[in-house]
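Have a look at the structure below before the remarks.
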Amino acid sequence: MGFALGPQAAGAGYRLMAFERIGSTNSEALARARAGEPGPLWLATAEQTAGRGRRERAWVAPRGNLAASILDVMDVKPGIAATLGFVAGLAVHAALREVCTLAPETPPPDFALKWPNDVLANGAKLVGILLEAEALPDGRLAVVAGIGVNVVAAPSDTPYPAASLASLGVAASAEAVFAALSDAWAEYRGIWDDGRGFAAIRVLWLKRAAGVGEAVSVRDGRGGIDGIFETIDNTGCMIVATSDGRRVPIAAGDVFFGTAASARAG
Ligand code: BTN
């Protein structure tokens, strides 16, 4: 079976380009936007040979895992577009729940959203999301949310535990996850409403979030901060409450929870 949009996505006017093999669905989406593609367009591939992750890391995935990007061209400020990462997290979370209902004999894993953009299954990374934006000559913004789901295999050389749907006993295909994802994206993108609905997205995201109220260590290239993950604010920043009573907004970084947070802090 090849990739196909779900019925809600198709009905809402989304289009799909499916590839057998491509370097990076995110790079292809941005190149098409530069060439005038108006979106909204999904790009999905059976195999990705130069996948890119956050913070310039490589994203390596075998055939059978899902690599897909949604391109949308919009008239919003970059800071507003950045909150689409939460839409992507919610959409993947819903899609994963949906494919689990198709195989009810297996108890579903505990899926949770990890700030800023990951989806965890039973505490291990199952999904990575790379959000990229580029200003177009007409002043609008091309925004690409690239989503990688470990369907058949997870990498073993990561600094955090990783899982695949197969390793969790969920026998879903990349095509089934993609169809559910495209429908869920259409729903949450509608709620987000070019950023006007971020307050509602924020509430939905926090309900599914991992580690709220727990010890957290957030690291970026220059250092980091340790404290308690209090909430996310109305711009999507993580709010970390520190032991000296500050509430520090964090815009980007790698997040470690619980014992991993104490180990990083030590
Ligand atoms: C991360 O570092 O966690 C984000 C990984 C994002 C990977 C996806 S796979 C589809 C899309 N195309 C890419 O090159 N990257 C994203």
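The values are calculated or read from the model by the stated rules, or taken from the named source; none is laboratory data. Note that the structure is a prediction, hence the values are computed from the model and not measured. With ideal geometry, Cβ positions are generated from the backbone for all residues, glycine too; neighbour counts draw on all protein chains shown.
Is it true that some residue in region 50-60 is basic (K, R), within 12 Å of the ligand (Cβ to nearest atom) and either over 28 Å from I232 (Cα atoms) or outside any helix (DSSP H, G or I) (or both)? Yes, there is a match, as at least one residue in region 50-60 is basic (K, R), within 12 Å of the ligand (Cβ to nearest atom) and either over 28 Å from I232 (Cα atoms) or outside any helix (DSSP H, G or I) (or both). Restricting attention to region 11-27 and to residues that are crowded, with 21+ Cβ neighbours inside 10 Å and not β-branched (V, I, T), the residue that is farthest from the ligand (Cβ to nearest atom) turns out to be Y14.
For H93, only one of the following conditions fails: (1) within 16 Å of the ligand (Cβ to nearest atom); (2) over 11 Å from the mean Cα position of the chain (by Cα); (3) touching a residue at least 60 places away in the same chain (Cβ under 8 Å). What is its number? It fails just one condition, (2).
The single condition from (1) within 25 Å of S27 (Cα to Cα); (2) assigned to a strand (DSSP E or B); (3) in contact (Cβ under 8 Å) with a residue 60 or more places away in the chain; (4) away from the ligand (no atom under 13 Å from the Cβ) that A112 fails is (1).
If you check P40, P7 for being away from the ligand (no atom under 14 Å from the Cβ) and under 18 Å from the mean Cα position of the chain (by Cα), only one passes: P40. Of all residues in region 126-159, those satisfying the criterion of being near the ligand (Cβ under 10 Å from one of its atoms) and not β-branched (V, I, T) are G128, L130, L131, E132, A145, G146, G148.
Name the residue that is nearest to L113 (Cα to Cα), counting only residues in region 196-215 that are without any contact (Cβ under 8 Å) to a residue 24 or more places away in the chain and part of a helix (DSSP H, G or I). Write out each step before concluding.
Within region 196-215, the first condition is being without any contact (Cβ under 8 Å) to a residue 24 or more places away in the chain, and the residues that meet it are 196-197, 200, 203, 207, 212-213.
With the extra rule that they be part of a helix (DSSP H, G or I), the set shrinks to 200, 203, 207.
Values: A200: 16, V203: 12, K207: 9 Å.
Checked region 196-215; the qualifying residue nearest to L113 (Cα to Cα) is K207.
When E47 is evaluated against the numbered criteria (1) surrounded by 21 or more Cβ atoms within 10 Å (Cβ to Cβ); (2) at pLDDT 95 or above; (3) farther than 30 Å from R196 by Cβ, which criterion, by number, is the only one it fails? Here E47 clears every test but (1). Residues that are buried (at least 21 other Cβ atoms within 10 Å of the Cβ) and among the hydroxyl-bearing types (S, T, Y) were ranked within region 163-221; the one that is farthest from A4 (Cα to Cα) is S217.
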